[in-house]
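Okay, so here's the structure we're looking at.
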Amino acid sequence: MNLSMLKSDTKNLNSFIAAGSALIFIGFIDIILSSFFSTNITAFLPNKISYLTPLLFGLFGLYLIRIEFSGNKLLDKVNTNFNSSNFNALLTLLVIFALIKYVPPLLNWFVFDANFAGNTKEDCTSGGACWVFVKVWLNRFVYGLYPDTEQWRINTAFLTLFLLVGASFFVPQKFKKYIIIFLLFVYPIIGLKLISGGDFGLKYVETGAWGGLSLTFIVSAFALILCFPIGTILALGRRSKLPAIRYTSIGFIELWRGVPLITVLFMSAVMFPMFLPDGTYVDKLIRVLIAITLFEAAYMAEVVRGGLQALPKGQYEAAKSLGMGYWKMHFLIILPQALKLVIPGIANTFLALVKDTPLIFVVGLLELAGMVNLAKTNPKWLGMAMEGYVFAGLVFWVICYVMSRYSQNLEKKLKTER
Amino acid sequence: MSKIIELKNVNKWFDKFQALKDINLEVNQQERIVICGPSGSGKSTLIRCINRLEEHQDGQIVVDGKEISENTKDLEKIRAEVGMVFQQFNLFPHLSILDNCTLAPIWVKKMPKKDAEALAMKNLERVQIADQAKKFPGQLSGGQQQRSALARALCMEPKIMLFDEPTSALDPEMIKEVLDAMVDLAKAGMTMIVVTHEMGFAKEVADNMIFMDQGQIVEKAKTKDFFENPKSDRTKLFLSQIL
């Protein structure tokens, strides 16, 4: 068939637009009918063909309205962006049809058919998501098995942390330094002591009872803060001129990069205590923190090394010619530039770290995903895996998205070259 | 006048390639020396050896009474006394021009911040760039950057200034502003060793000229003699090609 006779010219422009739009409209009606009312305008045709009819209607309609420089702004926009060729028209239709077909059921499950009221599994009757499960278990998801009466300690610890971090953004430059030093070196000890207790009249809570989202935060925060300086030192070590330091760094980095995290965690829990002399005991959580920190530090080292290598030799020479020694040169000139260059890589490693924390289940520590795992096996709540994991996934996504946005802002803020 | 730099039989190899061959050179205080020669002749390597950005393998280099070798403990102190200006400026792009100038005085010389800033502004004034002090290097033209780099080196109050082809990376229009700043510095009595192809500048400020080829000093002479009456054929050839 010669389709060129179906090409419009300025005279019959409007009739082409009308016909095309009508066809597209029929296509949409067809897909909506078949998605929601299990009927079909072309039901008299064989099943397989009738399944494709909305696409055919739509494609032909789009073909008819594909008019260059029609003068109608909206139409021109549609044509250049969604309808520039038959293939693009097909992709556009497929995406729109898929959205029509699959988004409403998803929304139904999430919101409209979901159950929010009630306290037991039996209250979930409507067929949608059973958010009652998340509601009932929320406390456990956040605090793990931490005793209810002591949860104010976790709240206080995190609230102080947020207040301090917030304050560091608003106080004058002079005090900022002290707040950051306090945050990095003093706060972690106070925070951990507050949560673990044992002194000052606080009841001791063993780390096995810690869990949920708060444990996710604790593990991530510690590993993030510690792996960064260690990784930087390793990166410098790997570029050192002294063979002993260089080969130690290389060996360390390659060793940790060569093993899966889950193995490292398992070793830290099972093998490590065997090497300790009798009677000494290192807490499970501490061992896990050290393991994750060293593991991520090895990755961080390679990210930072990438930044170091990207700097021109002239920067080193200029620093040296001004009389700076190794440490001054690196801390004042090289690292500020190198780290700025690799912010995307650092953010990458940090995000991976946060998402690696669920692996601590192998040593019996249950952070958010671990608690979900535990809750779904509760006999009263069987079959709630979907809700639990969707919830955990959303929480992780929010955390990671915030971090990623922050890294992008930081990049913009520190940009001085143009 | 007392000598401040002395090189005796200095040899340097890059792997098997000999970059410097038996270099002997003495520089007195307040003396201005211009080194010229074809590319690859070892001019840059020579002055980079003086503050040990390159290591020499053989011979003796004495700067301000201290020998430079791998055993030098206070290499940083010597470097602090020897200012250097690079072909590619090498300003620190993450710092403002003012911070570029104050960083080393504050951290290396332990100068109070206020004094360092006053000194920096004085030197920026001297190279006529004080109004750009708050800007970042990336916002300045090549000539402005090179003058800032000169000011940065001057802020360490060096006894000797080394210039490694300071105008080679600049547009012709900007060369003059940098050379003017250097002439100014020479008139103030700074000891200078300059690697450059700017023969006009050399004629104006140099006390002595050095011509290098293939890692050797081919000719060293008073500036006037060097241009009017060069002794070696190689020098004559070189001068005929660039003048």
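Observations on the model:
- Annotation: of all residues in the stretch A:306-324 being farther than 22 Å from residue B:164 by Cβ and open to solvent by less than 20 Å² (accessible area, probe 1.4 Å), the one that is farthest from the other protein chains (Cβ to nearest Cβ) is A:308.
- Selection status of residue A:367, in the same structural domain as residue A:406 (by TED's automatic domain parsing) and open to solvent by 20 Å² or more (accessible area, probe 1.4 Å): no
- Residue in the stretch B:129-136 that is polar (S, T, N, Q) and either within 16 Å of the chain's Cα centre (by Cα) or at positive phi (or both) present: no
- Number of residues in the stretch A:111-120 that are under 17 Å from residue A:390 (Cα atoms) and either touching a residue at least 24 places away in the same chain (Cβ under 8 Å) or in contact with a Cys (Cβ under 7 Å, 6 or more places away or on another chain) (or both) equals 1.
- Some residue of the stretch A:342-362 being open to solvent by less than 40 Å² (accessible area, probe 1.4 Å), assigned to a helix (DSSP H, G or I) and within 14 Å of chain B (Cβ to nearest Cβ): yes
- Scanning the stretch A:291-299 turns up at least one residue that is farther than 22 Å from residue B:108 by Cβ, open to solvent by less than 50 Å² (accessible area, probe 1.4 Å) and of a type in the set (Phe, Trp, Tyr).
Residue by residue, here is whether (1) outside any loop (DSSP other than H, G, I, E, B); (2) more than 27 Å from the chain's Cα centre (by Cα); (3) within 30 Å of residue A:388 (Cβ to Cβ) holds:
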{"residue": "A:45", "(1), (2), (3)": "no, yes, no"}
{"residue": "A:62", "(1), (2), (3)": "yes, yes, no"}
{"residue": "A:75", "(1), (2), (3)": "yes, yes, no"}
{"residue": "A:81", "(1), (2), (3)": "yes, yes, no"}
{"residue": "A:99", "(1), (2), (3)": "yes, no, yes"}
{"residue": "A:139", "(1), (2), (3)": "yes, no, yes"}
{"residue": "A:152", "(1), (2), (3)": "yes, yes, yes"}
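- Members of the stretch A:9-60 found to be surrounded by 18 or more Cβ atoms within 10 Å (Cβ to Cβ) and small (Gly, Ala, Ser), listed by number: A:20, A:27, A:34, A:58
- Condition met for residue B:51 (surrounded by fewer than 22 Cβ atoms within 10 Å (Cβ to Cβ) and under 30 Å from residue B:226 (Cβ atoms)): no
- Residue list for the stretch A:206-255, filter: part of a helix (DSSP H, G or I), under 30 Å from residue A:138 (Cα atoms) and open to solvent by 70 Å² or more (accessible area, probe 1.4 Å): A:217, A:225, A:226
- Looking only at the stretch B:141-153, and only at residues there that are of a type outside the set (Ser, Thr, Tyr) and away from chain A (no Cβ under 11 Å), the one that is surrounded by the fewest Cβ atoms within 10 Å (Cβ to Cβ): B:142
- Of all the residues in the stretch B:74-111, those that are without any contact (Cβ under 8 Å) to a residue 24 or more places away in the chain and part of a helix (DSSP H, G or I) number 6.
- Residue check: residue A:338 meets all listed conditions (1) open to solvent by less than 40 Å² (accessible area, probe 1.4 Å); (2) within 30 Å of residue A:114 (Cβ to Cβ) but one, namely (2).
- Residue that is farthest from the other protein chains (Cβ to nearest Cβ), among those in the stretch B:46-62 that are of a type in the set (A, V, I, L, M, F, W, C) and farther than 21 Å from residue A:331 by Cβ: B:62
- Single unsatisfied condition, residue B:38 versus (1) in contact with an Asp or Glu (Cβ under 9 Å, 6 or more places away or on another chain); (2) of a type outside the set (S, T, N, Q); (3) without any contact (Cβ under 8 Å) to a residue 60 or more places away in the chain: (3)
- Where a residue in the stretch A:228-240 is under 19 Å from residue A:348 (Cα atoms) and without any contact (Cβ under 8 Å) to a residue 12 or more places away in the chain and its partner, wherever it lies, is open to solvent by less than 60 Å² (accessible area, probe 1.4 Å) and among the hydroxyl-bearing types (Ser, Thr, Tyr), with Cβ under 7 Å and at least six apart: none
- Within the stretch B:63-83, considering residues that are under 18 Å from the mean Cα position of the chain (by Cα) and open to solvent by 10 Å² or more (accessible area, probe 1.4 Å), the one farthest from the other protein chains (Cβ to nearest Cβ): B:64
- Within the stretch A:119-136, the set of residues being surrounded by fewer than 16 Cβ atoms within 10 Å (Cβ to Cβ) and either at positive phi or at pLDDT 80 or above (or both) comprises just one member, A:127.
- Hits in the stretch B:154-174 - residues which are surrounded by fewer than 20 Cβ atoms within 10 Å (Cβ to Cβ) and in contact with an Asp or Glu (Cβ under 7 Å, 6 or more places away or on another chain): B:159
- Of residues in the stretch B:112-140 being within 12 Å of chain A (Cβ to nearest Cβ) and in a helix (DSSP H, G or I), the one surrounded by the most Cβ atoms within 10 Å (Cβ to Cβ): B:137
The values are calculated or read from the model by the stated rules, or taken from the named source; none is laboratory data. Computed from a predicted model, the values in this text were never measured in an experiment. Neighbour counts are summed over all protein chains in view; Cβ atoms, including those assigned to glycine, are modelled from backbone coordinates with ideal geometry. Ligands, DNA and RNA are excluded from the accessible area calculation, which covers all protein heavy atoms including side chains. Shrake-Rupley method; radii C 1.70, N 1.55, O 1.52, S 1.80 Å.
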